[in-house]
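The values are calculated or read from the model by the stated rules, or taken from the named source; none is laboratory data. Remember, it's a predicted structure, so these values are computed and weren't measured experimentally. Methodologically, a virtual Cβ is constructed for each residue, glycine included, from the backbone with ideal geometry; neighbour enumeration extends over all protein chains shown. Protein only, heavy atoms only, side chains kept; ligands, DNA and RNA dropped before computing areas. Shrake-Rupley method; radii C 1.70, N 1.55, O 1.52, S 1.80 Å.
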Amino acid sequence: MKKILLMAALLFFAINAVEAQTTDKQAKKEAKAQAKAQRDAERDAQDAMIKTEEMQDFLAAKKAIVARDFVLEGSQIMFRSGQSFFVNAYTNFISLQGDQATVQIASMQGNGLNGFGGVTVNGTISNPRYNVANNGDVSFSFSVSGPQISATVDITLPHGSNSAMAAIQPNFSGQRMTMNGKLLPYEDSKVLRGASKL
């Protein structure tokens, strides 16, 4: 009888130990799942916040294009030959205020014509064309001409971002170039305008 009681007690303790281990494993598993769910929720919230900020930047850029009061701060310039250069956004830009456009290219490797190792040209725009595609992308094209410049500028602003691309096609040469960068309302830009000596 004592053996039976002893066996029953051992069996009872063994079952309790197994249940405790199972409960402990399950608790750890649940804690791990909760931590993962919390990380996922935080990441989703951060992604949503970034998307909201990007959309706000896009809407501000779109509004600036409509108002003709913007600056495209170039961070990369690509030439027709395929050469591509990362550039200083504060000294490489296309700006438009009303009907007056400025295109500035600078290398910062010497004085150049504008004091930044490049050129700054100004002109009056004509034939402005604004369009919003079915997917929400914005395009804005215009011709710019003056004593220093005669070119066509085609700007594309993809939906949901203020990262824009501008193709600049001089009317009297094949030196087409593309400028990539951020399109901002003129008042939010910090570009450095060089001297126009042409």
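Structural remarks
- Reported count of residues in the range 61-82, each being surrounded by 16 or more Cβ atoms within 10 Å (Cβ to Cβ) and in contact with a helix residue (DSSP H, G or I) (Cβ under 8 Å, 6 or more places away or on another chain), is 3.
- Residues in the range 83-119 that are part of a loop (DSSP other than H, G, I, E, B), open to solvent by less than 20 Å² (accessible area, probe 1.4 Å) and at pLDDT 90 or above: N92 only.
- Count - residues of the range 120-145 that are modelled with pLDDT under 80 and over 18 Å from V71 (Cβ atoms): 0
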